[in-house]
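Reviewing the structure listed below.
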Amino acid sequence: ERGEKFMLGPVSRVKLPSKYGRCVLSMDIIPPSTPSTPSTTCRLVNIHLDSLGDTLPYRTEQMEILANLLREPGCGGGLIAGDFNTISLEDHALLNKNGLVDAWVVLHGKKGLDRAMWGLRVERHDGLGPGRLRCQA
């Protein structure tokens with residue numbers, strides 16, 4: 001029965017304004033509910049935002065769309081995961097501008113945020129090193 005297990009809700013793909021034809025994939029997870037505690041939909045969103053310095057205007061629009069996906073009627077919030085391609089201070093400001101928080105910071109605090117989140121030791125020669133999306137205090 002619905003009240004005993006998590007259920008998969010709608011799965012959708014939304015095209016984003018993008019230089020590279022990016023899309024967002026989202027799915028709704030509906031947790032168990034009881035008559036006294038009705039369930040709230042949790043939306044999981046997977047993204048790969050546009051990269052490189054000349055696409056900040058696209059990432060700005062993309063982040064606004066992502067934030068709005070978590071605020072649609074019937075959605076109680078969710079998690080956005082994937083490659084944010086955060087390469088500038090302006091990118092970091094997009095979290096606050098769109099009312100989003102960095103889940104890593106909420107769970108672990110800001111200590112060690114200067115470290116990369118890539119699992120491989122990649123040396124780049126184009127000046128674009130690894131980084132992470134985080135709120136600036």
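The table below lists the values:
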{"item": "Close pairs (6 angstrom Cβ cut-off, 6 or more residues apart or separate chains): within 18 Å of Leu52 (Cβ to Cβ) and at pLDDT 80 or above in region 86-111, of a type in the set (Gly, Ala, Ser) and outside any helix (DSSP H, G or I) anywhere", "result": "Thr86/Gly131"}
{"item": "Residue match in region 50-68 (condition: assigned to a strand (DSSP E or B), touching a Lys or Arg at 6+ places or on another chain (Cβ under 6 Å), surrounded by 14 or more Cβ atoms within 10 Å (Cβ to Cβ) and hydroxyl-bearing (Ser, Thr, Tyr))", "result": "no"}
{"item": "Scan of region 12-40 for residues that are surrounded by fewer than 12 Cβ atoms within 10 Å (Cβ to Cβ) and within 26 Å of Thr60 (Cβ to Cβ), ordered by number", "result": "Arg13, Lys15, Gly21"}
{"item": "Members of region 22-48 found to be of a type in the set (Val, Ile, Thr) and in a loop (DSSP other than H, G, I, E, B), listed by number", "result": "Thr34, Thr37, Thr40"}
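The values are calculated or read from the model by the stated rules, or taken from the named source; none is laboratory data. Model, not experiment: these values are computed from the prediction. Cβ coordinates were reconstructed from backbone atoms using ideal geometry, including for glycine residues, and neighbour counts include every protein chain displayed.
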